[in-house]
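The values are calculated or read from the model by the stated rules, or taken from the named source; none is laboratory data. Predicted model only: the values in this text are computed from it and were never measured. Cβ placement follows ideal geometry from the backbone for every residue including glycine, while neighbour counts extend to all protein chains displayed. The area values use the complete protein model at the heavy-atom level, side chains included, leaving out ligands, DNA and RNA. Shrake-Rupley method; radii C 1.70, N 1.55, O 1.52, S 1.80 Å.
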Amino acid sequence: MENQEVIQIRDLHRDFQVGSETVHALNGINLKIFQGEFVSIMGTSGSGKSTLLNILGCLDTPTSGEYIIHGTSVSTLNKNQLSELRNRRIGFVFQNYNLLPRTSALDNVQLPLMYNPDISSKERKERALHALEAVKLADRIHHQPNQLSGGQQQRVAIARAIVNDPVILLADEATGNLDTRTSYEIMTLFQELHSKGKTIAFVTHEPDIATFTTRTVKLRDGKIILDENITQQSAATALAEYEKNMKHDQI
Amino acid sequence: MGIINLIKISITALLRNKGRAFLTMLGIIIGIASVIVMVSLGQSSTQNVRSELSSMGSNMIMIMPERQMRGGVDVGSGNSLTQKDLKSLQNTKYVRYVSPSVSSQAQLVFGSKNHSGSLQGVSPDYLEIRKYGMASGIMFTDEHVRSNAKVCVIGQTIVDELFGSGADPIGKSIRCGRVPLKVIGVLESKGQNQMGQDQDDIVLVPYTTIQTRFAGNKNRNNFNMIFASATSEEESELAATEITYILRNNHNIKEGDEDDFDIRTQQELLSTISSITEVLTLLLSAIASISLIVGGIGIMNIMYVTVTERTREIGLRMAIGAKQRDVMLQFLSESVILSLIGGIIGIFFGLIIAYVASKFMNLPYVVSQSAIGISFLVCAATGVFFGWYPARKAANMDPISALRYE
Ligand SMILES: Nc1ncnc2c1ncn2[C@@H]1O[C@H](COP(=O)(O)OP(=O)(O)OP(=O)(O)O)[C@@H](O)[C@H]1O
Ligand SMILES: [Mg+2]
């Protein structure tokens, strides 16, 4: 399984037509992501990070270029097939969690499986419980979003993203709404998932968050300007360090 | 997505906003309830008229004289029904009972009490034709008719007015002008008829008695009317044809000339009244269904608001794999579920209101199964029709911009 390509992108363009002007949000991207990688996608605001992630997640289709996910060429698929692909092979985590209000954590996590008719309601519940355990929220399964902290809500969202056992987990500024401490906690969780074999692509513009990944891809004006493997820092250690400093500051 | 998951998703979505769901349903509830009330009251009054008419004798036939014009000259006098007609109608195939009717206004006096009413001169068959029963005593007989006997059979109202309720008037004599009439029987009470007339305010006397003894009567040999009764309800029309034939023959009416009499069967009356009440019911239901349309527009309105409000939810569902069809069906089934539940509640309330109203108006309570069935279908159709555009709007959203929606 090692070194298998999960994502393969060749000369990918994404243009937006705004009035009479064309915005080249992605301008010739070549990228491969392998099984088991933890990639951070960096870049200034407007550099095309979200656009790239949306295409990776099959929410958006490229203007030109080729995108192959897990052996499937996306350009050959119709809308329904894209939906199915998202449902079976992709997990999304958003900056603003996007949980259904007034719906328990358990039901929120089950949601993707509701759109998969092959999964029985029993299996659905089991898998949702399992996913909530993996994000350490086994004791909060009946809580509704407004009864959970931001960090906990993001954990529910992560559980929802992994419940369908996706080939790649996509996160767009997943720590963007969280304080430093909670961000470290979430990153610890992502590292755990990564160590269990998940492939993750993670958009962030915080350099210290990027150090918890194994590879950084930097965008500018829709082009990749840097793509390098980095030494992964432990988020758990950073969290411990941070808490020690906080205690120190309080004294 | 399976149908069970679809319904589950829709119901949980609706339960997330119970108050609004209820308010949305309110329009449908009111619409369906009013349709149910209108239809069932319409049907119960139709039924009421029917049973009223058949209690009067559903195979009754009334024959009335009619002025007849021939070449612009009035040749009939409106007194065309005679003793001869009566005789010939007694020997027919489809007519079982015949009774003439002549009436006379009279002041009825007994002791110090009096009551102004009318005497009705009939033959003994009249009882059968009009479905009157005897409460006590006997009906006068053909012998009384032959002998112009000074006897009468009276209704309960007359008993109450002249003798006091509970009194036994049999054997006593009522004075009508100068003529004393001996009471030989009392009719069973029938109450009021559909038009509010008191059917117990009645004095029956042999028709010959009226013709011979009540001088005010100008037409000694003619009848105001002839009542007949067909052998059965189904044979009413045959009987009417037969009577027409006989009377035309008796009156020497040439082919092509108009009848000098008018025949009304109870069947005709029944279908006339039924068609009137049916049109009325239809009209009222049509008015009531306007509120159903308003209810449907209410659903559409709320569904639009809901779709806009839940833009992010829609984006999310699409992002995690909902197909356009899934989103469309979700919102469609939400509106169908809303209108169906509203419909069920509406039917329930409609039936209760119809029940109370029919008790209040003294009508029989009719549960119209067809109205319930149609209401149900209309609700489902309303849900689909008014949910369609909002659902399509939801399904056509772009997931990326939907997810970004604030
Ligand atoms: N739907 C759209 N229509 C027109 N232009 C768009 C659209 N989406 C993105 N763009 C443009 O594409 C470029 C890249 O946008 P993108 O959202 O990918 O940036 P980003 O790197 O995610 O920025 P941020 O860090 O602020 O989230 C921007 O210039 C943006 O204006
Ligand atoms: Mg972005």
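For A:Lys218, the aspartates and glutamates whose Cα falls under 17 Å of its own Cα, not counting residues fewer than eight places away in the same chain, are A:Asp11, A:Glu37, A:Asp172, A:Glu173, A:Glu206, A:Asp208, A:Asp227, A:Glu228.
In Å² (nearest 100), what accessible area is buried between A and B, both sides summed, heavy protein atoms only, 1.4 Å probe?
Working: alone 12610 and 20600 Å², together 30920 Å².
The A and B chains share an interface burying roughly 2300 Å².
Where only protein heavy atoms count, and the probe is 1.4 Å, what is the accessible area per residue for chain B in Å²? Spell out each step's value before the answer.
Details: 19430 Å² over 406 residues.
Computed with neighbouring chains in place, this is 48 Å² per residue.
The angle between the Cα long axis of helix B:324-360 and the main principal axis of chain B comes to about 30°, on a 0 to 90 degree scale. So, in Å, what gap is there between the alpha-carbon centers of region A:96-154 and region A:1-77? Each part reduced to its Cα centre gives a spacing of 29 Å.
Shown in residue order for region A:42-56 are the 3J(HN,Hα) couplings computed by the Karplus curve 6.51 cos²θ - 1.76 cosθ + 1.60 at θ = phi - 60°: 10, x, 5, 4, x, 7, x, 4, 5, 4, 4, 5, 4, 6, 4 Hz (x for Gly and Pro). Find which of B:Asn91, B:Ile138, B:Ala240 sits farthest along the positive direction of the dipole of region B:79-259, computed with +1 on the beta-carbon of Lys and Arg, -1 on that of Asp and Glu, about the Cα centre. Working it through, the farthest residue towards the positive pole turns out to be B:Ile138. Partner shielding of B:309-320 amounts to 6, given as the average count of beta-carbon atoms from other chains within 10 Å of each residue beta-carbon. In chain B, the longest principal axis of the Cα atoms and the axis of helix B:236-250 are about 30 degrees apart.
Might you tell me the accessible area per residue for chain A, computed with a 1.4 Å probe and given in Å²? Intermediate values should be presented prior to the final figure.
Values: 11490 Å² over 251 residues.
Value for chain A: 46 Å² per residue.
About its Cα centre, the dipole of region B:207-325 is roughly 1040 debye, where the only charges are +1 on Lys and Arg Cβ and -1 on Asp and Glu Cβ. Put simply, the amide H of A:Arg220, placed in the peptide plane, has neighbours under 5 Å in A:Ile225, leaving out anything fewer than 5 places away on its chain. In the protein assembly as shown, what % of DSSP beta bridges are antiparallel (nearest 5)? Within the protein assembly as shown, antiparallel bridges account for around 70 percent of the total.
Spatial offset of region B:148-190 relative to region B:337-402 amounts to 58 Å, using the alpha carbon center of each.
Going by Cα centres, region B:271-336 and region B:27-53 are how many Å apart? Comparing the Cα centres of region B:271-336 and region B:27-53, I get a distance of 24 Å.
Projected onto planes of every orientation and averaged, the convex hull of the alpha-carbon atoms in chain A covers 15.2 nm². The mean count of C-beta atoms from other chains within 10 Å of the C-beta of residues in B:7-16, rounded to a whole number, is 2.
Calculate, in whole percent, how much of the Cα-Cα pair population of region B:79-259 lies beyond 19 Å.
On the way: 9678 of 16290 pairs.
When all Cα pairs of region B:79-259 are counted, 59 percent exceed 19 Å.
Backbone geometry of region A:24-32 corresponds, through the Karplus equation with coefficients 6.51, -1.76 and 1.60 at θ = phi - 60°, to 3J(HN,Hα) couplings of 8, 5, 10, 10, x, 9, 10, 7, 10 Hz, x marking Gly and Pro.
Pairs of alpha carbons in the protein assembly as shown separated by more than 46 Å make up 51% of all such pairs. Assuming charge only on the beta carbon of Lys and Arg (+1) and of Asp and Glu (-1), the dipole of the protein assembly as shown about its Cα centre is about 800 debye to the nearest 20.
Pop out the carbon and sulfur fraction of the accessible area of the protein assembly as shown as a percent, whole number, probe 1.4 Å. Walk me through the intermediate numbers first.
Numbers: 16750 of 30920 Å².
Here carbon and sulfur together make up 54 percent of the probe-accessible area.
Amide hydrogen proximity for B:Tyr97: with H placed 1.01 Å from N in the peptide plane, the residues at 5 or more positions away or on another chain lying under 5 Å are B:Ser229.
Of all DSSP beta bridges confined to region B:79-259, the antiparallel ones make up roughly 80%. The amide H of B:Leu108, built 1.01 Å from its N in the peptide plane, has B:His115, B:Ser116, B:Gly117 as neighbours under 5 Å, considering only residues 5 or more places off or on other chains. Rounded to the nearest 10 degrees, the inclination of helix B:369-395 to the longest alpha-carbon principal axis of chain B is 20 degrees. Magnitude of the charge dipole for chain B, about its Cα centre and with charges confined to Cβ atoms of Lys, Arg (+1) and Asp, Glu (-1), is about 1060 debye.
Here's the list of lysines a cross-link from B:Lys359 could span, going by alpha-carbon distance under 23 Å and ignoring same-chain residues fewer than 8 apart: B:Lys190. Could you tell me whether region A:115-217 comes out rounded, prolate or oblate from its Cα gyration tensor? Rule is a ≥ b ≥ c as square roots of the eigenvalues, rounded for a/c under 1.5, then prolate if a/b exceeds b/c, otherwise oblate. In terms of gyration-tensor shape, oblate. Residue pairs exceeding 28 angstrom between C-alpha atoms, taken from B:Lys84/B:Lys254; A:Lys125/A:Lys244; A:Lys79/B:Lys8: A:Lys125/A:Lys244.
At q = 0.09, 0.12, 0.16, 0.22 Å⁻¹, work out log10 I(q)/I(0) for region B:229-364 with the Debye formula, treating every Cα as an identical point scatterer and leaving solvent out; two decimals please. With no solvent term, the Cα-only Debye profile gives -0.61, -0.77, -0.99, -1.29. Taking the charge dipole of the protein assembly as shown about its Cα centre, with +1 at Lys and Arg Cβ atoms and -1 at Asp and Glu Cβ atoms, the residue from B:Ala391, B:Gln266, A:Gln154 reaching farthest to the positive side is B:Gln266.
Return the average number of partner chain Cβ atoms within 10 angstrom of each residue Cβ along peptide A:104-116. Numbers along the way, then the final one.
On the way: counts 1, 0, 0, 3, 1, 0, 0, 7, 6, 3, 13, 11, 4.
Partner Cβ neighbours, averaged per residue: 4.
Ranking B:Gly111, B:Val153, B:Asn193 by how far each Cα lies toward the positive end of the dipole of chain B (charges on Cβ) leaves B:Asn193 at the top.
Residues A:Ile29, A:Ile225 ordered from highest to lowest accessible area at a 1.4 Å probe: A:Ile225, A:Ile29. Restricting attention to chain A, close to 60% of DSSP beta bridges with both partner residues there are antiparallel.
Computed 3J(HN,Hα) for region A:164-176, one whole-Hz value per residue from the Karplus formula 6.51 cos²θ - 1.76 cosθ + 1.60 where θ = phi - 60°, is 8, 6, x, 6, 9, 9, 10, 10, 9, 6, 4, 9, x, glycine and proline marked x.
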